[in-house]
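The values are calculated or read from the model by the stated rules, or taken from the named source; none is laboratory data. No experiment lies behind these values; they were computed from the predicted model shown. As a convention, Cβ positions derive from the backbone with ideal geometry for all residues, glycine included, and neighbour counts pool all protein chains shown. The accessibility values were calculated without ligands, DNA or RNA, using every heavy atom of the protein model including side chains. Shrake-Rupley method; radii C 1.70, N 1.55, O 1.52, S 1.80 Å.
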Amino acid sequence: MTTTTVVHLLRHGEVYNPDKVLYGRLPDFHLSERGQQMAEMAAEWFEGHDIAALYSSPLDRTQETAVPLQKMSDLPVTLDDRLIEASNKLQGLSLSRSSVRDPRVVSRMYNPFLPSWGEPYKQIVERMVSVVKTARRAAWGREAVCVSHQLPIWMARRAAEGKRLWHRPDLRECNLASVTSLTFVDQRLASVSYAEPAASLYLDEPPVPGA
């Protein structure tokens, strides 16, 4: 007999960020009205799933994204620092196309493989693998949801698929309120799947990388 367990990595919804700040781990960046709708749509997507455990990054936007799912599942939300956004030395800057000429930005871009502007990719993978294992144990034979951020989820997926960690940020398949699902048979990763419950609310404008 084998046991199938699914760990879903849910990215937070849209954040109210009119100044296009790379907010990273800064406090007081909350979901926009559309972001709240995205969170509701994500919770609806999970209806009928056998959710046994619910985790969230401690940042405002992820906790707020978890609220509709918490109400639907009637489960407590466990805050876990391992799900937090990647640290970033450009945090707090307002980024635009002209940022490529900003010395504060350029000086951090000397090594895209590490990357030099933020938390090392390998470090992100280590903490995400660790929290996925925790969630898998907690939901053994059922399903768990971990609410996190674009880059940590993307790193977990690339590692799961055996791909190199360095990549083009604009090509990440990890949109707002998207769900990246890791299906395990016993402790072996059997498949990775991806869904976008809130796709109908997306804008043509791409999100700030790493947000």
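Checking each residue of the range 107-118 against the condition of being exposed (fewer than 13 other Cβ atoms within 10 Å of the Cβ) and at pLDDT 95 or above gives no match.
Filter the range 1-16 down to residues that are open to solvent by less than 10 Å² (accessible area, probe 1.4 Å) and not in a loop (DSSP other than H, G, I, E, B) and give me whichever is nearest to Asp186 (Cα to Cα). Here the answer is Thr5. The requirement of being modelled with pLDDT under 95 and more than 25 Å from Ala86 (Cβ to Cβ) is fulfilled somewhere in the range 1-12, by at least one residue. Scanning the range 49-68 for residues being out of contact with any Ser or Thr (no Cβ under 6 Å at 6 or more places or on another chain) and assigned to a helix (DSSP H, G or I) gives a total of 6. Please enumerate the residues belonging to the range 177-204 that are open to solvent by less than 40 Å² (accessible area, probe 1.4 Å), part of a loop (DSSP other than H, G, I, E, B) and either touching a helix residue (DSSP H, G or I) at 6+ places or on another chain (Cβ under 6 Å) or without any contact (Cβ under 8 Å) to a residue 12 or more places away in the chain (or both). Hits for the range 177-204 are Ala177, Pro197, Ala198.
Residues in the range 140-163 that are within 14 Å of the chain's Cα centre (by Cα) and closer than 14 Å to Ala66 by Cβ: Val145, Cys146, Val147, Ser148, His149. Within this structure, Pro18 fails the test of being at pLDDT 95 or above and out of contact with any His (no Cβ under 7 Å at 6 or more places or on another chain).
Does Ala159 qualify as being surrounded by 15 or more Cβ atoms within 10 Å (Cβ to Cβ), among the aliphatic types (A, V, I, L, M) and in contact with a strand residue (DSSP E or B) (Cβ under 6 Å, 6 or more places away or on another chain)? Write out each step before concluding.
Details: surrounded by 15 or more Cβ atoms within 10 Å (Cβ to Cβ): yes; among the aliphatic types (A, V, I, L, M): yes; in contact with a strand residue (DSSP E or B) (Cβ under 6 Å, 6 or more places away or on another chain): no.
Considered against the rule, which asks whether it is surrounded by 15 or more Cβ atoms within 10 Å (Cβ to Cβ), among the aliphatic types (A, V, I, L, M) and in contact with a strand residue (DSSP E or B) (Cβ under 6 Å, 6 or more places away or on another chain), Ala159 comes out as no.
Out of all the residues in the range 87-104, is one or more surrounded by 17 or more Cβ atoms within 10 Å (Cβ to Cβ), closer than 21 Å to Arg136 by Cα and within 16 Å of the chain's Cα centre (by Cα)? No: the range 87-104 contains no residue that is surrounded by 17 or more Cβ atoms within 10 Å (Cβ to Cβ), closer than 21 Å to Arg136 by Cα and within 16 Å of the chain's Cα centre (by Cα). Considering every residue within the range 28-35, establish whether at least one is surrounded by fewer than 20 Cβ atoms within 10 Å (Cβ to Cβ) and within 19 Å of Val77 (Cα to Cα). Yes, there is a match, as at least one residue in the range 28-35 is surrounded by fewer than 20 Cβ atoms within 10 Å (Cβ to Cβ) and within 19 Å of Val77 (Cα to Cα). Contact map, the range 69-96: residues that are assigned to a loop (DSSP other than H, G, I, E, B) paired with residues that are open to solvent by 70 Å² or more (accessible area, probe 1.4 Å) and among the aromatic types (Phe, Trp, Tyr), Cβ distance under 9 Å, separation 6+ or inter-chain. No pairs are found. Just one of (1) modelled with pLDDT of 95 or more; (2) assigned to a loop (DSSP other than H, G, I, E, B); (3) open to solvent by 90 Å² or more (accessible area, probe 1.4 Å) fails for Glu40. It is (2).
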